[in-house]
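The values are calculated or read from the model by the stated rules, or taken from the named source; none is laboratory data. If you're wondering where the values come from, they're calculated on a predicted model, not measured in any experiment. With ideal geometry, Cβ positions are generated from the backbone for all residues, glycine too; neighbour counts draw on all protein chains shown.
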Amino acid sequence: MRIKRFLVIVVLAISLLLISLGSALAQEDPPSPQNPVALFLSEATGMDYDEIINLQQSGHGLGNIARAYNFVSATGGTISDVLASRSQGVGWGQLYKEAGLKPGGGGQGLGWLLGKNKGANRSKHTRPPEWTGGPPDHAGPPDHAGPKPGSETPEPAGPPVHAGPK
């Protein structure tokens, strides 16, 4: 019985020692996780990551920060000034009009972030060069519409019985 008690005490003492050692090692500051969207925005725009996080913590969404960057790239000025105008209730359309640009950024939107500006200068109403106009060759009614080929054409049904005298 004494041996069992001794072994239990030894096991508990070793466990406590390991737990305290582990918690002492864990006291080191773990690296702060980075916001993946802010990191992507930093890489795509060249803006400083900490500047993006500071703007976000001051109440601006990452989408508005990206739009502000795009707007400032086209017009000049500072991102902080643009976001301050937005905070005062000035809409994006009004900002673009005041800068002499087409509201909406010329149809570019935020796609420039993902497409690396591939479509920035292309009108959204352009057609591919092979387009000649008219419907495609395969256009027509869907397969399930109308009578099946080879079936008899039904006679017109006429007005319903409850429609009254003829």
Next on the checklist: Just the residues that are farther than 13 Å from Tyr69 by Cα and over 19 Å from the mean Cα position of the chain (by Cα), please, taken from the stretch 39-58.
Outcome noted: Asp50, Asn54, Gln57, Ser58
Checklist entry - Mind checking which pairs have a first residue in the stretch 152-166 that is at pLDDT 65 or above and a second that is exposed (fewer than 10 other Cβ atoms within 10 Å of the Cβ) and of a type in the set (Lys, Arg), Cβ under 8 Å, 6 or more apart or different chains? => result Pro159/Lys166
Checklist outcome for this item: Considering the stretch 41-79, residues that are outside any loop (DSSP other than H, G, I, E, B) and charged (D, E, K, R), and then whichever is surrounded by the most Cβ atoms within 10 Å (Cβ to Cβ), we arrive at Arg67
Next on the checklist: Of everything in the stretch 21-40, what is surrounded by 10 or more Cβ atoms within 10 Å (Cβ to Cβ) and modelled with pLDDT of 70 or more? Give them in sequence order.
Outcome noted: Gln34, Asn35, Val37, Ala38, Leu39, Phe40
